[in-house]
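Following: one structure in structure tokens, then a few remarks.
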Amino acid sequence: MVVYLETDRLLLRRMTTDDLDNLVELDGDPEVMRYLTGGAPTPRERLRDEGLPDMLAYYDRGDDFGYWAVARRDDFLGWVGFRPDRGHGPAADVDRSGIEVGYRLRRETWGQGYATEACRALIRKGFTELGVERVYAETMAVNAASRRVMEKSGLRHVGTFFPDWPEAIPGAEHGEVHYALTRDEWLSVNR
């Protein structure tokens, strides 16, 4: 096991091919996928052939950015991502400069502060060790729980946009929100 970061309660470790079943279970929960696919599960084949290989490919580029399993001892809780802009954003006027932070955790862990704890650790590492100048995150405007994680992680709401999704899911009519935090903003409260 290759550990990327440790917090008071969590290990952020490299994903491995052995995590396929964990990802299938995670993406098979309709509540976990509610604001991503309208609750539809990600097919095992897509996770095996595309999702997990895409996550693992980041490690070929080094250990600074990518995806990490969130674990409590040996318990897989989900994953967090910390990566450069994917370059295919749905709204041209959204400032996606910087590094995107994202998370997907098992439903039974929600409300326990794990997503916030993992995001704060990634943001701290980004600003203090990796030379990151800006961190951002996005979610559906109606996803109040995810928005709260962003706020508790120090990001602030900087805009709402309305992408033209080919298959809109319930709540899409309210748009997507963009939250961000710059290194200078973070340093002003974390010196």
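Here is how the numbers come out for the structure above:
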{"read-out": "Residue with peak Gaussian network fluctuation, the chain [Cα springs, cutoff 10 Å], from ASP74, ASP19, ASP63", "value": "ASP74"}
{"read-out": "Virtual paramagnetic centre 7 Å along Cα→Cβ of TRP110, amide N under 12 Å, in region 14-56", "value": "29-36, 39"}
{"read-out": "Distance in nm between pseudo-label sites at ASP63 and GLU45 (7 Å out along the Cβ direction from Cα)", "value": "3.7"}
{"read-out": "Stretchable slack from ARG72 to GLU151, in nm (0.36 nm times residue separation minus alpha-carbon distance)", "value": "26.1 nm"}
{"read-out": "Nearest-10 value in Å² for the accessible area of ASP85, using the 1.4 Å probe", "value": "60"}
{"read-out": "Selection from LEU187, ALA115, GLY66 lying farthest towards where the dipole of the chain points positive, charges on Cβ", "value": "LEU187"}
{"read-out": "Accessible surface of the chain, 1.4 Å probe, proportion on carbon and sulfur as whole %", "value": "46"}
{"read-out": "Total formal charge among the other residues, if their Cβ is under 9 angstrom from that of GLY78, Lys/Arg +1 and Asp/Glu -1", "value": "+2"}
{"read-out": "Label assignment, Rg and Dmax of the Cα atoms in Å derived from the structure, set (1) 15.9, 46; (2) 17.8, 58; (3) 15.6, 51", "value": "(1)"}
{"read-out": "Per residue value of the accessible surface for the chain (all protein chains in place, 1.4 Å probe), Å²", "value": "54"}
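The values are calculated or read from the model by the stated rules, or taken from the named source; none is laboratory data. The structure displayed is predicted, hence computed values, not measured ones. Here the Cβ is made from the backbone with ideal geometry for all residues, glycine too, and neighbour counts use every protein chain on show. We work out accessible area using only protein heavy atoms, side chains counted, and drop any ligands, DNA or RNA first. Shrake-Rupley method; radii C 1.70, N 1.55, O 1.52, S 1.80 Å.
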